[in-house]
Amino acid sequence: MRLGIVGTGSYLPPKVLTNFDIEKFLDTSDEWIYTRTGIKERRIAEDGVGVSALCQKACERAMEAAGVKPSDVDLIVLGTITPDTHCPAGANWLEAKLGCDNAVSFDVTAACTGFIFSLHVASALLKTRMNKVALVCAGEIMSRTVNWKERESCILWGDGAGAVVLTETSAGAEVLSTHIHTDGKNGSELLMPGGGSNTTPISHESVDRGLHFLKMINANTSLRTAVNHFADAALEAVQHSGYAIHDVDLIIPHQANIRIIEGWPEN
């Protein structure tokens, strides 16, 4: 089966939080943040807005670009670690907002790699002909997971969503392959420890201890892991499709921060 992305869409909330804004409440500066991350500003979702609302905008734009109606979509895969609720899934809320009554919907929890993991799962289901038209979306409201008093980590995150329509196509660009890997050994280096079954129920104590914030324990470990595995995965994808890396005209990485991108080996 020849699968293609036939429509794309994205959405960013209108509120902008610049480095200069952060200077007003945190011991930092625009220079300090930009030098270390390459980030000048990030978007912040308004209070009361869930991630499904951001994803709704992105998905509607993707469907419009693809010429697809809500009734045509029979699969919605949402990559997120910040769903509207832990139950039901964020994708369920998204399905209802879009009016995709013929779709099955579920979340994929893979953090920064959420879109690629979601695309991988959707591609597999379409290739088995279990589904025909998929909305693959990734969205996060990370601004509600961070401790805005921790300078090293809060500056990195923002809010937004992106989506694609994936289906069988006879022309245009083709999704040649997807490749995913995991390594659970360093899970304790970047995590949200509170709220899971490994901890006590949410309480005043757990909130006071900051267990429900995203914690970056060792930034250098995360950086090295990202750089090494980004490069490995890119080479794997290129070689799997019968190309060499010098055949590639454009590489679009996950934009975490400039140090990860600059850390890629040149060869």
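Please indicate, with yes or no, whether at least one residue in the stretch 97-118 is under 30 Å from E23 (Cβ atoms), among the basic types (K, R), in contact (Cβ under 8 Å) with a residue 24 or more places away in the chain and part of a helix (DSSP H, G or I). Reasoning before the result, please.
Initial filter on the stretch 97-118 (under 30 Å from E23 (Cβ atoms)): 111-112.
This time we only want the ones that are among the basic types (K, R), so: none.
Scanning the stretch 97-118, I find no residue that is under 30 Å from E23 (Cβ atoms), among the basic types (K, R), in contact (Cβ under 8 Å) with a residue 24 or more places away in the chain and part of a helix (DSSP H, G or I), so the answer is no.
Could you check how many residues of the stretch 14-45 are part of a strand (DSSP E or B) and either on the phi > 0 side of the Ramachandran plot or open to solvent by less than 50 Å² (accessible area, probe 1.4 Å) (or both)?
So in the stretch 14-45, the residues part of a strand (DSSP E or B) come out as 15-18, 41-44.
Those still in the list that are either on the phi > 0 side of the Ramachandran plot or open to solvent by less than 50 Å² (accessible area, probe 1.4 Å) (or both) too: 17-18, 42, 44.
Total meeting the criteria: 4.
For the stretch 73-92, the criterion of being modelled with pLDDT of 95 or more, closer than 22 Å to G4 by Cα and either in a loop (DSSP other than H, G, I, E, B) or open to solvent by 20 Å² or more (accessible area, probe 1.4 Å) (or both) is satisfied by at least one residue. Candidates in the stretch 186-217 are the residues that are hydroxyl-bearing (S, T, Y) and under 19 Å from T82 (Cβ atoms); of these, the one that is surrounded by the fewest Cβ atoms within 10 Å (Cβ to Cβ) is S197.
Among the residues here, L156 does not qualify as aliphatic (A, V, I, L, M), open to solvent by less than 70 Å² (accessible area, probe 1.4 Å) and in contact with a strand residue (DSSP E or B) (Cβ under 7 Å, 6 or more places away or on another chain). In the stretch 132-149, the qualifying residues are those that are among the charged types (D, E, K, R) and over 18 Å from F106 (Cα atoms), and the one that is surrounded by the most Cβ atoms within 10 Å (Cβ to Cβ) is R144.
Total residues in the stretch 108-125 satisfying the condition of being modelled with pLDDT of 95 or more and surrounded by fewer than 22 Cβ atoms within 10 Å (Cβ to Cβ): the figure is 8.
Can you tell me which residues in the stretch 135-181 are more than 27 Å from A45 (Cβ to Cβ) and in a strand (DSSP E or B)?
Taking the stretch 135-181 first, the residues more than 27 Å from A45 (Cβ to Cβ) are 167-181.
Within the stretch 135-181, T167, E168 meet the criteria.
Against the condition open to solvent by 60 Å² or more (accessible area, probe 1.4 Å), out of contact with any strand residue (DSSP E or B) (no Cβ under 7 Å at 6 or more places or on another chain), farther than 25 Å from F213 by Cβ and not acidic (D, E), how does R129 come out, does it pass?
Values: open to solvent by 60 Å² or more (accessible area, probe 1.4 Å): yes; out of contact with any strand residue (DSSP E or B) (no Cβ under 7 Å at 6 or more places or on another chain): yes; farther than 25 Å from F213 by Cβ: yes; not acidic (D, E): yes.
Answer is yes for this residue.
Only one entry in S206, S222, S188 is touching a strand residue (DSSP E or B) at 6+ places or on another chain (Cβ under 6 Å) and assigned to a helix (DSSP H, G or I), namely S222.
The values are calculated or read from the model by the stated rules, or taken from the named source; none is laboratory data. This one's a predicted model, so the numbers in the text were calculated from it and none came from an experiment. Note: ideal-geometry Cβ built from the backbone for every residue, glycine included; neighbour counts use all protein chains shown. Protein only, heavy atoms only, side chains kept; ligands, DNA and RNA dropped before computing areas. Shrake-Rupley method; radii C 1.70, N 1.55, O 1.52, S 1.80 Å.
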